[in-house]
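Structure record follows, encoded as structure tokens.
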Amino acid sequence: MASAVFAPGTLSREGQPIIRDAESALLPNPWLSVDPLYPGGFFPPLRPLAAQKAEDALGVRLRETAEARLRMDWPAARVAAEHAAALAMEGDQPECEACAQLELAATELLAGEVDAAERLYRVMDDGSPAQRRRAALGLAVCTGVRGGFAEALDAIRAAMKDAEPDDADLALLRANRAAALVGLGRLREAEAEGAEALRAGRRGKDDPLTAVGGFALAMAHLARGRRADARTRLADAVRGFARAGDVLRQVQCHHLLGEISYDGEDPIRAGAHYRDALGLARPAGAVHTVELLTLRFEHR
């Protein structure tokens, strides 16, 4: 287990020493215990709308968009989102159009097209207060996945000022805040934010957001070298993501669980997690992820 060390002369906003983990063979950064698959602990904003349950053409397209995104079928998700946005514009339904644009931006971001996602979020930054908050979070996530953790943290903090305590967006805001804090090495704060994200998901009785919160907390645990706690949270999260049909996040969870097991000298369990991740990533056509997982599975 990695040992925690204090960053000399570095304090958090609350005046607490910032903890960083001592470097080990598994640390791509001094404070990150295992290398997470893209996009790490960052989650693009998404907001299910009642229109997604409708049986008209727009509702069908919105559901198709979300389903394709969840199974990592980026081309199908793009086509469905663009069609849904066009239908919403024709029907003068701005809320549904914003939902479609959120889906399209999330698809681009998760597919690795960060510039395209950023352009979409900037266009969205002139709607309702909730829409502006989600656009601001989307821009912060784009910054975070590029490594701009301090800037992302400031943007998320600003967006959180407008969020209501019972707002479903709060879980995503806190999860992304935790990811930015991990990137900055502010690990105690990251754990606190991850725990709050988990509680926000549970309060809302929202299974996918509870999984998001659990994943955020697991990433913070990993960064502090708390492998057993991280394993527990990831095991819970992967079940939640499985119920939601979120292939990318299931792959991430199994990859991290495999790394934890391998580092704990349990190659059989590690191999089982790598195999589970491969079983999900191969049908999705995630070539780079499959290559990485194959190396893990065959050479460990």
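The values are calculated or read from the model by the stated rules, or taken from the named source; none is laboratory data. Small disclaimer: the values here were computed from a predicted structure and weren't measured. Neighbour counts run over all protein chains shown; Cβ positions are idealised from the backbone, glycine included.
Has the range 287-294 got at least one residue that is of a type outside the set (Asp, Glu) and more than 22 Å from Tyr38 (Cβ to Cβ)?
Let us first name the residues in the range 287-294 that are of a type outside the set (Asp, Glu), namely 287-290, 292-294.
After this cut, where a residue has to be more than 22 Å from Tyr38 (Cβ to Cβ) as well, the list is none.
There is no residue in the range 287-294 that is of a type outside the set (Asp, Glu) and more than 22 Å from Tyr38 (Cβ to Cβ).
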**Q.** the range 97-117 residues that are on the phi > 0 side of the Ramachandran plot, paired with ones that are not in a helix (DSSP H, G or I) (beta carbon under 8 Å, 6 or more apart)
**A.** Gly112/Tyr38
(Q) Can you find, within the range 233-271, the residue that is nearest to Leu293 (Cα to Cα) among those that are without any contact (Cβ under 8 Å) to a residue 12 or more places away in the chain and hydrophobic (A, V, I, L, M, F, W, C)? (A) Ile268
Q) Within the set of pairs 6+ apart or on separate chains, which have a first residue in the range 136-161 that is at negative phi and in contact (Cβ under 8 Å) with a residue 12 or more places away in the chain, a second that is among the small types (Gly, Ala, Ser) and not in a helix (DSSP H, G or I), and C-beta atoms under 6 Å apart? A) none
Q: Mind checking which helices (runs of 4 or more DSSP H) fall wholly inside the range 58-176 and carry at least 2 residues that are within 23 Å of Ala220 (Cα to Cα) and out of contact with any Pro (no Cβ under 8 Å at 6 or more places or on another chain)?
A: 129-145, 149-160
Q.
Checking Leu46 against (1) within 22 Å of Val212 (Cα to Cα); (2) modelled with pLDDT of 90 or more; (3) crowded, with 16+ Cβ neighbours inside 10 Å, only one condition comes out false. Which one?
A. (2)
Q | Where Thr294 falls short, out of the listed (1) buried (at least 23 other Cβ atoms within 10 Å of the Cβ); (2) more than 29 Å from Ala171 (Cβ to Cβ); (3) β-branched (Val, Ile, Thr) | A | (1)
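Farther than 27 Å from Pro283 by Cβ and either surrounded by fewer than 19 Cβ atoms within 10 Å (Cβ to Cβ) or within 20 Å of the chain's Cα centre (by Cα) (or both): is that true of Glu97 in this structure?
Details: farther than 27 Å from Pro283 by Cβ: yes; either surrounded by fewer than 19 Cβ atoms within 10 Å (Cβ to Cβ) or within 20 Å of the chain's Cα centre (by Cα) (or both): no.
Judged against the criteria, Glu97 is not a match.
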